[in-house]
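Shown next, in structure tokens, is the structure this report addresses.
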Amino acid sequence: MDVEEALALANALVFAESGEHLSDLQQALLRESWSWQRLSYEKIAENYGYSPTYLKHDVGPKLWKLLSKSLGEKVSKTNFRAAIERRHNLVTSSLQPAANSQLPAVDSKTTTSQVAELIDSHSVSPNRCQDWGDSLDVSVFYGRQQELEQLQEWTVSQNCRLLALLGMAGIGKTSLSVKLAQQLQGQFELIIWRSLRYAPSVEELLADIIAFVSNQQEIHSIIDLHSQLAQVLDCLRQRRCLLVLDAWEAVLQAGKLTGCYRKGYEGYGDLLKQLGELPHSSCLVITSREKPREIALLEGENRPVRSLELKGLGTAALEILREHDLSDQPYWKDFCLAWRGNPLALKIVSVTIQDFFGGSVSDFLKNSMFLGDFEYLLFEQFERLSELEKQAVYCLAIAQKPISRYQLLEAMQLASISQILKPLESLSRRFLIEQVKQGHETMFTLPPVVMKYALKQDSDQE
């Protein structure tokens, strides 16, 4: 889909909603919003000879409000491209079964009446509203078909109320949550996708949800958390809603064992408990680098609460290397295994290999301690560990092979097994250790990339 097709579809949507076409200035604003550069209002005003204030406080807000109403989801300057592509994909995908359809394809030459015919015949119900927030563009998506099928089974067939997508940094939780929500559009009346990366207060989040679900612009009355939780539950009972909350770890306390919330954020735990325990017709999906305590307590095969730990991509990871035009294909599987098929790590390191190793995977593998920009993500995750967890990680890294809990106990110079179980459980819930069966005994080690990072940190401190 190019910008002209996008403008044609946007114009038809607006005409169907308001009976008026987009003005030249509105089209200019959409054209610049389509660009990946996304010029500021000031720059757009300079290019087209208008006042920045006029664009930012008059033309822009009115246009986004009109498009939000036309598309049935919140539209802004930053997500216009993703929103219009979603509608385009929805229309075109609905045409696929009708191979002999006489309806025209959407392009820059399509008339408004023709596109309106498409919209009227194939768009989603006007009662279905969506707000994708700052969700990712997942037009390029690798593998995960089995995971998507499992999640759809839990959500649609088993009517699960609470799902958790879990795994270490970069493993693809956010992308999977967006792809899942896109595939479930027809199953829910409302879709809300929110990132918790900047840790909004639970009161702010709940007010946002209540406003969207109840179709209010603002919630004026100030109510306590208990009342907000009750109101959210009531909303989710009245309308079937898919609520996705990304980066749940942002509201958990760093520097302690997993399960503790940041001061003032304990209400998030109440939200999980309430939506997991009490009956409603909606579904909350969270993504997190750490398993919340409430999920661990509520989940079960015969319960409406489930969790899915994401592993590496497997053979689908090879496509990432192919896209970056790397050489030494016989080494690709070993390379992907060393990074446990972590898609973000493979993307980051593939760029490094192309830029500094001439695309040679074998040359890169010789530099066993090099992590590239992925080191920062590991730094973020390590900063969240308690001191006892860090000590356990460094001991496991130094061992460089699977060891028993008794060997780890001795290496950490602790007095009893009970002292070692807490950090092991916490590291397991952060997905930073691996368990290996040797006979009847369970051994513990680190994923290669985590071991590499820990050894590097240890050597840097010496």
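What follows is calculated from the coordinates using simple rules that are stated; it is not laboratory data. Since the model is a prediction, treat every value here as computed from it, not as a measurement. Cβ placement follows ideal geometry from the backbone for every residue including glycine, while neighbour counts extend to all protein chains displayed.
Observations on the model:
- Sequence-ordered 3J(HN,Hα) estimates for region 169-182 from the Karplus curve with 6.51, -1.76 and 1.60 and θ = phi - 60° stand at 4, x, 6, x, 5, 5, 4, 5, 5, 5, 4, 4, 4, 4 Hz, glycine and proline given as x.
- With the convex hull drawn around the C-alpha atoms of the chain, the volume per residue stands at 197 Å³.
- Relative exposure of H226, H324, judged by other C-beta atoms within 10 Å (fewest first): H226, H324
- Restricting attention to the chain, close to 20% of DSSP beta bridges with both partner residues there are antiparallel.
- On full extension, the segment bounded by D137 and L421 gains 98.2 nm, given 0.36 nm per residue less the C-alpha separation.
- Placed amide H near A164: partners under 5 Å, 5+ positions off or other chain: I286, R306, S307, L308
- Rg in Å to one decimal, and Dmax rounded to a whole Å, for region 314-360 via C-alpha atoms: 9.3, 26
- Using alpha-carbon coordinates, inclination of helix 448-461 to the longest axis of the chain, degrees: 70
- Nonlocal amide H pairs with Y261, under 5 Å, H built at 1.01 Å: Q253
- The packing ranking of peptides 374-382, 259-267, highest mean first, is 374-382, 259-267, where packing means the average number of other beta carbon atoms within 10 angstrom of each residue.
- The smallest convex shape that holds all Cα atoms of region 224-306, its convex hull, gives 90 Å³ per residue.
- Highest mean first, the peptides 392-399, 194-201 sorted by other C-beta atoms within 10 Å per residue fall in the order 392-399, 194-201.
- In this structure, the pairs whose alpha-carbon distance is over 26 Å, taken from K390/K437; K179/K256; K65/K273; K333/K437, are K179/K256; K65/K273.
- A cut-off of 5 Å between modelled amide H atoms, ignoring neighbours fewer than 5 places along the same chain, links V244 with I192, W193, R194, V285.
- Between helix 60-71 and the chain: long-axis angle, C-alpha atoms, 0 to 90°, nearest 10: 90
- Taking every C-alpha pair closer than 8 Å and separated by at least 6 residues, the mean separation divided by the residue count of the chain gives a relative contact order of 13 percent.
- Assuming charge only on the beta carbon of Lys and Arg (+1) and of Asp and Glu (-1), the dipole of the chain about its Cα centre is about 780 debye to the nearest 20.
- Computed packing ranks the peptides 411-420, 288-297 as 288-297, 411-420, most packed first, by mean other Cβ atoms within 10 Å.
- Each residue of region 223-230 was assigned a 3J(HN,Hα) from its phi angle through the Karplus expression (A = 6.51, B = -1.76, C = 1.60, θ = phi - 60°), giving 10, 6, 4, 4, 5, 5, 4, 5 Hz with x at Gly and Pro.
- The HN-Hα couplings worked out from phi for region 386-392 by the Karplus form 6.51 cos²θ - 1.76 cosθ + 1.60 (θ = phi - 60°) are 6, 4, 5, 5, 4, 4, 5 Hz, whole numbers, x standing for Gly and Pro.
- With the Kirkwood sum run over all distinct C-alpha pairs, region 131-309 has a hydrodynamic radius of 16.4 Å.
- Calculated FRET efficiency, D24 to E204, Cβ-Cβ distance, R0 = 35 Å: about 0.35 to the nearest 0.05.
- The angle between the Cα long axis of helix 112-122 and the longest principal axis of the Cα atoms of the chain comes to about 50 degrees, rounded to the nearest 10.
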